[in-house]
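Engineer: One structure is given below, represented as structure tokens, and several questions about it will come after.
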Amino acid sequence: MVSSTCGSISSYLANRTQYARCPGSRSTPLLVLYGVPQGSVLGPLLFLLYTADLVRLVESFELCPHLYADDTQIYGFCRPGATDGLRNRVADCVAAVADWMRSNRLQLNASKTEVLWCASARQQSQLSTDPLAVGSDLVSPVGCVRDLGIFIDADLTMRTQVTRTCLKCFAALQQLRSIRRSVSSDVLQSLVVALVFSRFDYGSATLAGLPKQLVDRLQSVQNAAARLIFRARRYDHVQPLCGVYTGFGFLNGFRSGWHS
């Protein structure tokens, strides 16, 4: 059974060719010696199998890996006074990962590598600001990273995520406001749900327990969306409007976790 499976995968990958095509012309086909066919169903699965050893390599440094497709994250924790030891351990791990990638015909992209120290705002000043060596490059710690579309701040306040969400939502509302007289109420409501509320829904679990001032910023977007859908004036009270449309209740869960 094992030999049959390996034989099937081998026949799937072997003797494939690729070429470039432009309107009216096509390059000479070349044999594909490495990799898997782009867009194939087996591509993601074979890539995960190919990089499975990377998990054990990172864990050998007593660090926690998290892999999503071709994105690899390495987590570690320590007390504020032991950051030098953790930084050295992460640097050694990254060097080992780079060596493993070179030996397996992969490349570590230093330009997309980021370092983030997570701690409370009061402890941030105690953390090291020394750069981390990634191959021949030095990567300095940053105050915010983007992880699968979610912005994570070093002090875990989610302030950047809320700011970016509000900016994008208000920009979408401004565009929709310019066409509100040209579409029906049902179409306008569908557009608001698709272009505004979808940004609230994505990664909403990361916003639980927000401080009141950040929830209020999200609430201002919701109020503006309600006034647009129901064609209310700028200073009209939105509570009666929110009671009519059930889609305005998603901020209630955040309010239960308010803290100062």
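The values are calculated or read from the model by the stated rules, or taken from the named source; none is laboratory data. Because the structure is predicted, anything quoted here is derived from the model rather than measured. For neighbour counting, all protein chains shown are included, and Cβ atoms are generated from backbone atoms with ideal geometry for every residue, glycine included. Just so you know, the surface numbers come from the protein's heavy atoms only, side chains and all, with ligands and any DNA or RNA stripped out. Shrake-Rupley method; radii C 1.70, N 1.55, O 1.52, S 1.80 Å.
Engineer: Looking only at region 118-134, how many residues end up being out of contact with any Ser or Thr (no Cβ under 7 Å at 6 or more places or on another chain), among the hydrophobic types (A, V, I, L, M, F, W, C) and within 27 Å of A95 (Cβ to Cβ)?
Structural biologist: Result for region 118-134: 4.
Residue-wise test of (1) under 19 Å from F77 (Cβ atoms); (2) of a type outside the set (A, V, I, L, M); (3) in a loop (DSSP other than H, G, I, E, B).
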| residue | (1), (2), (3) |
| --- | --- |
| C93 | yes, yes, no |
| A96 | no, no, no |
| Q107 | no, yes, yes |
| S128 | yes, yes, yes |
| V145 | yes, no, no |
| F151 | no, yes, no |
| L156 | yes, no, yes |
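Engineer: Any chance region 54-67 includes a residue that's out of contact with any helix residue (DSSP H, G or I) (no Cβ under 7 Å at 6 or more places or on another chain), in a helix (DSSP H, G or I) and open to solvent by less than 80 Å² (accessible area, probe 1.4 Å)?
Structural biologist: yes
Engineer: Something else: Only one of (1) surrounded by fewer than 17 Cβ atoms within 10 Å (Cβ to Cβ); (2) modelled with pLDDT of 90 or more; (3) within 28 Å of the chain's Cα centre (by Cα) is not met by R177, so which one is it?
Structural biologist: (3)
Engineer: Of all residues in region 183-221 being in a loop (DSSP other than H, G, I, E, B) and closer than 19 Å to A171 by Cβ, which is least open to solvent (accessible area, probe 1.4 Å)? Let's see the steps before the verdict.
Structural biologist: Here is the first cut: in region 183-221, the ones in a loop (DSSP other than H, G, I, E, B) are 183-184, 202-203, 208-211.
Okay, now just the ones that are also closer than 19 Å to A171 by Cβ, so 183, 202-203.
Working: V183: 41, Y202: 125, G203: 26 Å².
The selected residue is G203.
Engineer: Across region 134-174, what is the total count of residues that are surrounded by 16 or more Cβ atoms within 10 Å (Cβ to Cβ) and among the basic types (K, R)?
Structural biologist: Qualifying residue count, region 134-174: 2.
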